[in-house]
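Worksheet: the structure to be examined is printed underneath.
Please treat every number below as a calculation from the coordinates, not as lab data. These numbers were taken from a predicted model, which means no experiment stands behind them. All Cβ positions, even for glycine, are placed from backbone atoms using ideal geometry, and neighbour counts span all protein chains on display.
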Amino acid sequence: MNAGPGLYHTRGDKTKARALALAMHAAFVVLLIFGVSWQKKPPEPVVADLWSSLPPMAQPPQPKVEVAPPPEPQPKPAPRVEPRPVPKAAPVPIPKPDIAIKAKEKEKKAEPKAEPRKVDDKAVREKAAEAKRAAEERDAKLKKFLEADKAAEAKAAAEKDERAAADQAARAAAARENLKYISGIHAKVWARVALPADMQGNPEAEFNVSLLPGGELESVTMRKSSGNPAYDAAVERAIRQAQPFTVPSGDEFHRSFRRFSMTFRPQR
């Protein structure tokens, strides 16, 4: 087999190359040994210092400990008041029936017998009679007072009725007298009324009249028209011409004739 140019080696060339490599390795080993032995120096003496006490060792930095704030004081709970224990009543020993009966018999024997009190019958009867008399007197006084009170009420009621009857009779008499005065005034006025020629029907005219204490006319005003102006004017003119009027005096005048109203109709 033919090798390419530059790549063909013989067996003798390979042997030479191996020998050369071994020689180089051997030289390297020798050089290494020589260099180590050449640089080797004698050992120096060791010096040691003796200390009587060891210097303080540097302490490692301590980590900072965060101190928590003290807790807020909590309000103390109110002391609980324990109720006082109720002392239990000591049980009363129940005596045996025989013993209890014997004890009662002994007590009866020991108690002195009470002598009966002598009652004074006469004193008791007198005291009872006196109390009865006092009660009868009290009832009699109360009855007399009630009868007097009832009689007074009856008398007051009778007097009130009498006054009412008298007032009613007086008012009725005054009304009759006033009716006479009103009738007289009305007749005096109507005698002076000149009816108009065209008068028809029965028209009604009403007037307010004010008088003075002597019966003189103070004022006259129409309160209600009859619907016929001529008739209204004739009645008003007659009222003015008929004064003075006959009227009562005193309180009755002021009560009934100081101011009053009159009605006039042709057909009375």
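Compared with the alpha-carbon gap, the fully stretched path from Ala128 to Ala191 is longer by 13.3 nm at 0.36 nm per residue.
Label positions at Ala152 and Leu22, each projected 7 Å from the Cα along the C-beta direction, are separated by 17.8 nm.
Starting from the Cα gyration tensor of the range 203-246, take the square roots of the eigenvalues, sort them a ≥ b ≥ c, and report rounded, prolate or oblate (rounded when a/c is under 1.5, otherwise prolate if a/b is larger than b/c, else oblate). If you can, show how the numbers build up before the last one.
Working: a/c = 3.20, a/b = 2.09, b/c = 1.53.
Prolate, because a/c is 1.5 or more and a/b exceeds b/c.
Look at the alpha carbon pairs under 8 Å that are at least 6 residues apart: their mean separation over the length of the range 123-268 gives a relative contact order of 25 percent. At a temperature of 37 °C and a viscosity of 0.692 mPa s, determine how fast the range 123-268 diffuses translationally according to Stokes-Einstein, using the Kirkwood radius over alpha-carbon pairs as Rh; express D in µm²/s, rounded to the nearest whole number. In µm²/s, the coefficient is 162.
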